[in-house]
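Down below is the structure, laid out as structure tokens.
Every number here is computed from the coordinates shown, using simple stated rules; none is lab data. No experiment lies behind these values; they were computed from the predicted model shown. FYI the Cβ positions are ideal-geometry reconstructions off the backbone, even for glycines, and counts take in every protein chain you see.
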Amino acid sequence: MKLDSKIPDGPISDKWKNHKFALKLVNPANKRKYNIIVVGSGLAGGSCAASLGELGYNVQCFCYQDSARRAHSIAAQGGINSAKNYQNDGDSAYRLFYDTVKGGDFRSREANVHRLAEVSENIIDQCVAQGVPFAREYGGLLANRSFGGAQVSRTFYARGQTGQQLLLGAYSSLSKQVSVGTVKMYPRTEMLDIVKENGSAVGIITRDLVTGEIKSWAADCVVLATGGYGTVFNLSTNAIGCNVTATFKAYKKGAGFANPCYTQIHPTCIPQEGEHQSKLTLMSESLRNDGRVWVPKFKEDADKHPSEIAEDRRDYYLERKYPSFGNLAPRDISSRSAKEACDDGRGIGTTGLGVYLDFEDAIKRLGESAIRERYGNLFDMYECITGENAYQRPMRIYPAVHYTMGGLWVDYNLMTTIDGCFALGEANFSDHGANRLGASALMQGLSDGYFVSPYTISGYLADNGVKDPDPESDAFKQAESEVKERISTLMSIKGKKSARHFHVQLGKIMWEYCGMARNEKGLKKALDLIPQLREDFYKDLSVPGSSDSLNNELERAGRVADHLEFGELLCRDALERRESCGGHFREEYQTDEGEAQRDDENFAHAAVWEYKGKDQVPARHQEELQFDNVKLAVRSYK
Amino acid sequence: MKLKLRIWRQESSGCKGRMVEYEVDNISENSSFLEMMDLLNEDLVSEGKEAVAFDHDCREGICGSCSLTINGIPHGPQKATTACQLHMRHFDDGQTISIEPWNARPFPVIKDLVVNRSAFDKIIQSGGYISVRAGSAQDANAIPIPKQDADFAMDAAACIGCGACVAACKNASAMLFTSAKVSQLNTLPQGKPEKDRRVLNMVKTMDQAGFGNCTNYGECEAVCPKEISLDMIAKMNRDYAVASVKNFFGTVA
């Protein structure tokens, strides 16, 4: 597997500018001759499909939801970063670049991150022009808030529903293109394989989730914007339907999968209640602007009502350990600190797996109405789920799987190792290294979709000309028959257990052995347990109903089947990365103070996995990461 | 908790549906309504019976997928709450709960509790956008927008497109949904150039899709999980009247 990152020459601040000029263009009159498939309609996919449509290409966009507007980007709460420096507090594209590389624990690609920081300013302009109702000050100008891992206020927000508003913005642009005919939208349609001819991606195979029809779609290139793989843990903040299937199928067809072990555990989620639970709910990181995180100083206080624990018997552990960032320490560090406190027996709530996020001081300082104005919907959501009023008693929170930094390996053009197959947004690996800073996912999705892929995809099409592949060709027929065979395998097991049952079991293994802290023994154990579970799955799965109509159980079974293989890849990557960095914490590699210890000499690279066939150990390749601008340093937030 | 469920089962859009009774036991009062449905389905699947199909995804009240009419009320008895955020603590042990799909002609049933809401997408496609190409925008702070206007636009934009407003309306009117988008975009300065054609086209598409008229019952506002206000409908009616007059004189931009 050849990993050519295609990073342009020149100083970092000129690379993108020069590259845009170097990319070939497609004549406006020729654009309509090209067909492009976009899978996924979230921030990355939706904005990419809309932008390509605006340019005049023929775009076919697919999503499994009943409408493009429901992609899971919609659930992002807190905000979107941009180096606008409207606060006059010292921000710049270079600082956003620097913060992101540092926040990612020096495991991302400098050139990509700098480009992201550069275009971050255009994103806010674009969204405001679309009518996204960002929060404003009384003077009518845009408001900002602070987020973790940064000392400037660069986060733009729309109450606690920023993801929703940005997605609806992208969806509105997409809808306009649907109305003018450049984009055709296919909701309730799931991609089940990618098709290659002569080494290049030429189309996909889908299942119509209503009729069950399996269909081939041919195009000049394929864009995967299908999100992350957090649901491999079953319980996560992701939507129930989120899955790894599209990216995993691409991996099996030759796309390198980079750094699957980089998973982000978000520090502020509502703790798990019981076995019935289907998902965990995030409480936006923005709450840490005004909330203070604490646990009782002494174990004996853990069961007491928080109001009975005196001020001097509380441990505001983030403020104590990281005085300069305090409650706004980055996500990986905050999550691990919460785990440490709970492991120490000082966790709160019925399970002992929880810490307090307390707004008492902020309410005293600013008044309840100011807090309601900033976070009202989050407090309502908390009360709706827990039945508790967070204006009166501190919120209970605990870390949960939230985002995955790993993904399909892509070059500077966002193309995977399959020629003509691009990966955008959370589905790729490039920008966040080993840890993503808050409010950067929305930025990356829209950057890839509005401002990067329209250029790089045009460049690819100009280089390759109209391919006009035939959806009746042997390559498509074979892929179709493989998809049908996989479905009939799942339907014909006729066991006793639901896909959900196996998903829960897989999630337990992943969380126990490959969660917030990992070690060699545990990872090896997981690598032992997952194949056993997979074997049970193919013996005892039950999928009632038929495959030629709407069948939620069949959809889930297919996704769980892929997770049962992918989970193994994730654990293998975690095992081979013998260092701690960002979201990947190996217990064997930590400092005396319990902080993550990187090994830059041996691991300053992206690990890229190549599929080698069924039951074969995949091959591990490396892309060495060069840091010419940001000095490798111990990441300190003290 | 132990519960009796009466659930609408319908094989496909062409088939006749009926209410079927089920029982579930050992339901935690801290579980959500959809988690209760998950457990019912897990029981059914382990017996080799077909699971009850229902739409759901984010399970945090924002994607707008879930669409259950619970005891006759879209999204159930809890005010400003989607079905996925409704928790079982609001029901009594031993209670009988009826669960039906959205009941409105423009939303045909696909299967069981799943309905087709693509008519909403069509309404948005006919004008629920501001025409701006990627890359052509001016600086975001170039147009100051009074905070109250931005806040009003945000109140309107909070709509999740679930369709409860239509399901609650005896006329199956989509006025609340349509007016929320019209109000958001027509209030903001960026949306003014297309203001008139937007409202005319969206209302036309809404009518063509078979949604009924608004007769001011206000059921839509009462069930809206995001508490979208009837003020939006008033705003749309005003904009529609102005645009219609301009249209009559041929002066719509």
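Taking every alpha-carbon pair in the stretch A:268-398 and binning the separations at 5 Å intervals from zero gives 2, 10, 22, 24, 22, 14, 4, 1, 0 percent. Highest mean packing first, where packing is the average number of other Cβ atoms within 10 Å per residue, the peptides A:623-634, B:232-243 line up as B:232-243, A:623-634. Paramagnetic label reach from B:Lys204 (point 7 Å along Cα→Cβ; backbone nitrogen cut-off under 16 Å): within the stretch B:98-127, residues B:122-127. Just to confirm my numbers, what's the Cα centroid distance between the stretch A:480-546 and the stretch A:141-212 in Å? Here the answer is 29 Å between Cα centres. Backbone N atoms of the stretch B:193-235 closer than 20 Å to the 7 Å Cα→Cβ label point of B:Ile73 belong to residues B:217-230.
Near the amide H of B:Leu68, within less than 5 Å, lie the amide hydrogens of B:His75, B:Ala83, all on another chain or at least 5 residues away, with H placed in the peptide plane.
Take the Cβ-Cβ distance between A:Asp14 and A:Val180 as r, set R0 to 30 Å, and report the resulting FRET efficiency rounded to the nearest 0.05.
On the way: r = 36 Å, r/R0 = 1.20.
After rounding, the FRET efficiency stands at 0.25.
In terms of its C-alpha gyration tensor, the stretch A:481-624 has a prolate overall shape, because the principal axis ratio a/c (a ≥ b ≥ c, square roots of the eigenvalues) is not below 1.5 and a/b outweighs b/c. For chain A, the mean residue ellipticity at 222 nm estimated from helices alone is -11500 deg cm²/dmol, where every DSSP H run of n ≥ 4 contributes -39500 (n - 2.57) and the total is divided by all residues, rounded to the nearest 500. With a cut-off of 18 Å on the backbone N, the residues of the stretch A:229-269 near the modelled label site 7 Å out from A:Tyr538 along Cα-Cβ are A:249, A:252-253. Here the label points at B:Ala222 and A:Ala310, each 7 Å from Cα along the C-beta direction, are separated by 5.4 nm in the simple model.
For A:Lys196, the residues whose amide H sits under 5 Å from its own are A:Val202, ignoring neighbours fewer than 5 places away on the same chain, with H placed 1.01 Å from N. Shielding value for A:277-288 is 3, the average number of Cβ atoms from other chains within 10 Å of each residue's Cβ.
Peptide A:136-148 has a mean of 3 when you count, residue by residue, the C-beta atoms of other protein chains within 10 Å of its C-beta. For A:Lys297, a cut-off of 17 angstrom between C-alpha atoms picks up these aspartates and glutamates, skipping any fewer than 8 places away in its own chain: A:Glu308, A:Glu311, A:Asp312, A:Asp315, A:Glu319, A:Glu340, A:Asp343, A:Asp344, A:Asp358. Listed by chain and number, the aspartates and glutamates whose C-alpha is less than 13 Å from the C-alpha of B:Lys2, apart from same-chain residues fewer than 8 away, are B:Glu23, B:Asp25, B:Glu29, B:Asp92, B:Asp93. Taking every DSSP beta bridge that has both ends in the protein assembly as shown, the antiparallel portion is near 70%. Calculate the length of the line joining the C-alpha centroid of the stretch A:54-78 to that of the stretch A:21-45, in whole Å. One Cα centre to the other: 16 Å. Considering the stretch A:215-346 at the alpha-carbon level, its Rg and Dmax are found to be 20.0, 66 Å. In order along the stretch A:80-87, the Karplus-derived 3J(HN,Hα) couplings, from 6.51 cos²θ - 1.76 cosθ + 1.60 at θ = phi - 60°, round to 9, 7, 7, 8, 5, 6, 5, 8 Hz, and Gly and Pro are given as x.
Distance between the C-alpha centres of the stretch A:393-465 and the stretch B:155-201: 32 Å, rounded to the whole angstrom.
Shielding by partners for A:178-184, please: the mean number of other protein chain Cβ atoms within 10 Å of each residue's Cβ.
Values: counts 4, 9, 2, 0, 0, 0, 0.
Taking all residues of A:178-184 together, the mean is 2.
Kindly rank B:144-157, B:18-31 from highest to lowest mean number of other beta carbons found within 10 Å of each residue. Show your work: numbers first, answer last.
Working: B:144-157: 19.4, B:18-31: 13.6.
The peptides rank, most packed first, as B:144-157, B:18-31.
Under 5 Å from the amide H of A:Ala219 lie the amide H atoms of A:Gly203, each residue being 5 or more positions distant or on a separate chain, with H modelled from the backbone and absent for Pro and chain starts.
Taking the average, over residues, of other Cβ atoms within 10 Å as the packing measure, peptides A:442-454, A:9-21, A:584-596, B:193-205 rank A:442-454, B:193-205, A:584-596, A:9-21 from highest down. Among the lysines, which have Cα under 27 Å from the Cα of A:Lys2 when same-chain residues fewer than 8 positions away are ignored? The qualifying lysines are A:Lys15, A:Lys17, A:Lys20, A:Lys24, A:Lys196, A:Lys249, A:Lys252, A:Lys253, A:Lys467, A:Lys612, A:Lys614.
Compute the Cα gyration tensor for the protein assembly as shown, then decide on rounded, prolate or oblate, letting a ≥ b ≥ c be the square roots of its eigenvalues: rounded whenever a/c is under 1.5, prolate when a/b is larger than b/c in the other cases, and oblate in all that remain. Mind showing how you got there, number by number?
Details: a/c = 1.12, a/b = 1.08, b/c = 1.05.
Taking the square roots of the gyration eigenvalues as a ≥ b ≥ c, the protein assembly as shown is rounded.
Work out the FRET efficiency for B:Gln138 and B:Ser46 from their Cβ-Cβ distance, taking R0 = 41 Å, and round it to the nearest 0.05. After rounding to 0.05, the efficiency reads 0.10.
Label positions at A:Leu632 and A:Lys612, each projected 7 Å from the Cα along the C-beta direction, are separated by 2.7 nm. Stretching the chain fully between A:Leu141 and A:Ser547 yields a gain of 140.8 nm (0.36 nm per residue, less the alpha carbon separation). The C-alpha atoms of chain A define a longest principal axis, and helix A:162-180 lies at about 20 degrees to it. Short-range pairs are left out: with C-alpha atoms under 8 Å and at least six residues apart, the relative contact order of the stretch B:3-111 is 34 percent.
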